[in-house]
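Read-outs: derived from the displayed coordinates by stated rules, not from any lab. Given the structure is predicted, the values throughout are model-derived calculations rather than measurements. Methodologically, a virtual Cβ is constructed for each residue, glycine included, from the backbone with ideal geometry; neighbour enumeration extends over all protein chains shown.
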């Protein structure tokens, strides 16, 4: 799916100019090095790829372009991967190799209509110091790229029509980006068994991100879906006990227990859990992440999953988690149960109204208590809106428009990027890999010393002696015996000749 977007963007943005080769001029082409330089910079600065993209990876991608006829050499040859980072000339073929997707640019129900219904589709006013205004996301095309005025005038109507991104396309973008990020965070090859695309309702996600109070709590436009006023008053009374009690009647001994029982009865009598039966499998799979060394991953996963909830459910669970968290931390709160601590009481009371399966299972209570305990402790982080989702959607829509600008007469098929992910490992595996990686690096250092031809024998012996002192085990593995070490320097025993040859005098007899 990523292939079409990259090829379309490369065709749309790669600068073309005249080049001279072998005393001949060639127009509208580029050198391999120019393509590597331009595409490498684009990928590094793109939030979907990142600065870790290497120049060699960019060369590999361009080789795939040549093989699949995205580009061809100046003589029209293609089909091989014979491309190097050099001055060889290449050009685009006359026809695009990308097959258009029929649903990518429907002519009806454009983004402006959708924005009118959801006025703050991309505007998140309480999430960061700088929020993205709608006009920034839906900029006129002339602000994205400077285009030849003649081309604009010639294709004005076509460009305006293609600038209209459909409601369905925006929704599908949200669905795919959410699935991609969830899969990345959970580190699993597929979400097929826990979440289907049809279970993601973009309207819910957008509403939960944009209709919030200054504390980040969802505000419902339809008040009939909200908590009853008497429940809200009771929850507020308990959350701020004893400083804020807006109940009109005077309190009495055991008053706080009656108020708590009233709140508990309301939530326990809801027709389905707050996390809904539909998302049961999704949240159960996240329970595996509720370990100390995976805490950050669990929070990020729950941030996205809680965005999927219907707005009334998200508001209710937000307010409930805020209340029980405050009650558990309130040292002034009288005991609400004779035999059970306040924290345990909160978890035991509300766990079943937060998470349970449509069909009763024995593990439900254990699973739900674990999840409620984690939600209660991390409720402020979990219910923050992850702005990177909105940024990803905005960037994708901008790429679609930019491609439309460059190729106004072609079908634009900007496909969502894919994300690589890391496999989760245990702390023990991490330590073992860390040690093995370090040993491999040190072993490589030893081999470099051995093979360095620029070192004199004296310097090489000195470095090896230092290495042996610092890393005796690795050195011993490389040179298990002194004979192995001697072979490195070709040390063969030699008999040195004396500097002066003193021959013994021969004495002749005096007799004749």
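A few remarks follow.
- The gain in end-to-end length when the residue 215 to residue 337 segment is fully stretched comes to 40.9 nm, 0.36 nm per residue minus the alpha carbon separation.
- Projected label distance in nm at residue 296 and residue 18, using a 7 Å step from Cα toward the beta-carbon: 5.5
- Distance in nm between pseudo-label sites at residue 484 and residue 465 (7 Å out along the Cβ direction from Cα): 2.1
- Residues of segment 288-324 with amide N under 20 Å of the 7 Å Cα→Cβ point at residue 203: 306-316
- Point-to-point label distance, residue 278-residue 52, nm (Cα→Cβ direction, 7 Å offset): 3.4
- Calculated FRET efficiency for the pair residue 41/residue 232, C-beta based, R₀ 56 Å, to 0.05: 0.55
- Stretching residue 330 away from residue 344 to a fully extended chain increases their span by 3.7 nm, per 0.36 nm per residue minus the current alpha-carbon distance.
- Distance-filtered residues of segment 203-233 - backbone nitrogen under 18 Å, label point 7 angstrom along residue 269 Cα→Cβ: 225-233
- Tensor-based shape of segment 444-492 (alpha-carbon gyration tensor, a/c under 1.5 rounded, otherwise prolate or oblate): oblate
- Here the Kirkwood formula, the inverse mean of 1/r across different C-alpha pairs, assigns segment 216-384 a hydrodynamic radius of 16.6 Å.
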